[in-house]
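The values are calculated or read from the model by the stated rules, or taken from the named source; none is laboratory data. Remember, predicted model here, so these are calculated numbers, not experimental data. We place every Cβ from the backbone using ideal geometry, glycine too, and count neighbours over all the protein chains shown. Side chains are part of the model used for accessible areas, which takes the heavy atoms of the whole protein and leaves out ligands, DNA and RNA. Shrake-Rupley method; radii C 1.70, N 1.55, O 1.52, S 1.80 Å.
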Amino acid sequence: MASPQPGDVRQEARQRFRSQRTRDFTESVIREMTRLALRHGAVNLAQGFPDFSAPERLKEAAREAITRDYNQYAITWGAKPLRDAIAAKYRRTYALELDPETEITVCCGSTEGMIASLTAITNPGDEVVIFEPFYENYGPDTKLCGAIPKMVKLQPPDWNFDPEELRRAFSPRTKAIILNTPNNPTGKVFSTKELEVIASLCREFDALAITDEIYEHITYDGDQHVPIMTLPDMRHRSILVNSMSKTFSVTGWRVGWVVAAPDLSESVRKVHDFLTVGAAAPLQEASALALSFGEDYYRQLGAEYSERRAIILTILERAGFQCYRPKGAYYVMTDISRFGFADDITFVRYLIETIGVAAVPGSSFYQNPFDGSQQIRFCFCKKYETLKSAGKKLLHLSPQ
Ligand code: GLN
């Protein structure tokens, strides 16, 4: 019998090197769609990143920070000017007083912020409540911690939740609820009344709200984002995660932050330090400048996204999609049942390969893929000409 050769790792042996926690992970569908779009030359309305330029002042500040030699590690929980700028932003925007020395941790995007927070507070077997459909990272984030996700449905067309269903999802084992508002993929902006329902369950079950607020400045029709942290008794019961990515169109910078009371921040900082040490130092310097932009910047951001929303809704409705009109963020969830395809994956493949437009299959936002099998998500954080080019291609679709 031939002796095993080095590098000749057999299938069974491979299983040994696949951890139980990650065994059932699939590749990120959103990021896979970007690769498929590139391969087929399709217009990418799948992964949510802008194809237009980041603000010139911001790019200049990043270049300058490198020239001025901000090229070594920043303090692990964040460069002081950035933490000060974050504290000033929350004071200005929400009258929230934060101590930059003990309550703010800068990390590598909100992706790290979320997983560092969950790792810091959960034990294996703890339960984490998640609204569904959900941004795909939350499931694996929870499972990597050995925690158990408990899904609660947001029901179309308005993506409301049933307070009774939410209450049933909470138990003495609940450690936290993940709340993403404005919401990806639905575009829902949770109202203060809804936040109060969630907050009262957090108090009753002694659980935390971990919030992903990266779309806070992208809301429409006068809707305003409210951080649950600003509600009574929630200041010490919330972990707020946010980032530069969406507000300043720099998704590749990977600069985010976590805001939490000192005891919670202390745990998050330890995880963050061991996970990544810190976010890119020169980009932290530039981010501090961005956070000092005045009201004009946010007004323009809102106005431009409102216009893009109007364009994409017209395009999608003309092509035969049933759209759920977003109140915030930069995605449109659509119902595809009129097109008569067996499921969302088959439909998206057809869209990319034959029509030339990429979107994200709805099933990737649900624990049970069937629940999203007649939905797909389009993003509209794109140049007007990109949206219009997608619009022309989508005219070749024919609803039944
Ligand atoms: N948040 C974006 C989306 O939902 C991008 C996600 C990512 O790939 N990090 O498309």
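Evaluating kT/(6 pi eta Rh) at 25 °C and 0.890 mPa s, with the Kirkwood radius of the range 203-333 over Cα pairs in the Stokes-Einstein relation, gives 143 µm² s⁻¹.
Put simply, the convex hull of the Cα atoms in the range 76-121 casts, on average, a shadow of 3.5 nm². Comparing 240, 378, 71 along the charge dipole axis of the chain, the residue lying farthest to the positive side is 378, per the Cβ-charge model. So for the range 288-400, considering every pair of alpha-carbon atoms, how many percent are separated by more than 24 Å? The answer is 30 percent, as a whole percent.
The dipole here belongs to the chain: it is taken about the Cα centre, uses +1 on the Cβ of Lys and Arg and -1 on the Cβ of Asp and Glu, and is about 920 debye.
Sequence-distant contacts, meaning Cα pairs under 8 Å at least 6 residues apart, place the relative contact order of the chain at 24 percent.
Per-residue surface analysis assigns residue 14 an accessible area of about 110 Å², computed on protein heavy atoms at 1.4 Å probe radius. With a 1.4 Å probe rolled over the protein heavy atoms of all chains, the accessible area of 211, 67, 386 falls in the order 67, 386, 211, largest first. Taking a sphere under 10 Å around the Cβ of residue 51 and counting the other residues whose Cβ falls inside, with K and R at +1 and D and E at -1, yields a net charge of +1. For the range 9-95, the Cβ-based charge dipole about the Cα centre amounts to some 380 debye (Lys, Arg positive; Asp, Glu negative; other atoms uncharged). Rg and Dmax of the chain, both derived from C-alpha coordinates alone, stand at 21.6, 75 Å. If you wrap the tightest convex hull around every Cα atom of the range 216-279 and split its volume per residue, you get 80 Å³. The heavy atoms of residue 102 offer some 50 square angstrom of accessible surface to a 1.4 angstrom probe.
Calculated on C-alpha atoms, the gyration radius of the range 141-242 divided by its Kirkwood radius gives an Rg/Rh of 0.94.
When the chain is treated as a GNM with alpha-carbon contacts under 10 Å, the residue of 276, 334, 119 showing the greatest mean-square fluctuation is 276.
Separation of the range 263-329 from the range 351-399 is 21 Å, based on Cα centroids. Using the rule -39500 (n - 2.57) for each DSSP H run of four or more residues, divided by the residues of the chain, the 222 nm mean residue ellipticity is -12000 deg cm²/dmol.
If you take all other residues with their beta carbon under 10 Å from the beta carbon of residue 149, and give Lys and Arg +1 and Asp and Glu -1, the sum is -1. Candidates 279, 301, 52 compared by Cα position along the dipole of the chain: farthest toward the positive end lies 52, with charges placed on Cβ. Centre-to-centre separation between the Cα atoms of the range 172-199 and those of the range 39-80: 29 Å. Ranked from largest to smallest solvent-accessible area, with a 1.4 Å probe on the protein heavy atoms, 217, 396 come out as 396, 217.
With kT/(6 pi eta Rh) evaluated at 25 °C and eta = 0.890 mPa s, and Rh the Kirkwood radius from Cα pairs, the range 1-131 diffuses with a coefficient of 120 µm²/s according to Stokes-Einstein. Among the trypsin sites (Lys or Arg not before Pro) found in the range 37-112, those both in a DSSP coil and sparsely packed, with 12 or fewer other Cβ atoms within 10 Å of their Cβ, are 68. A 1.4 Å probe over all protein chains sorts 253, 77 by accessible area into 77, 253, starting with the largest. Electrostatic bookkeeping for residue 319 treats Lys and Arg as +1 and Asp and Glu as -1; over the other residues with beta carbon under 11 Å from its beta carbon, the sum is +3.
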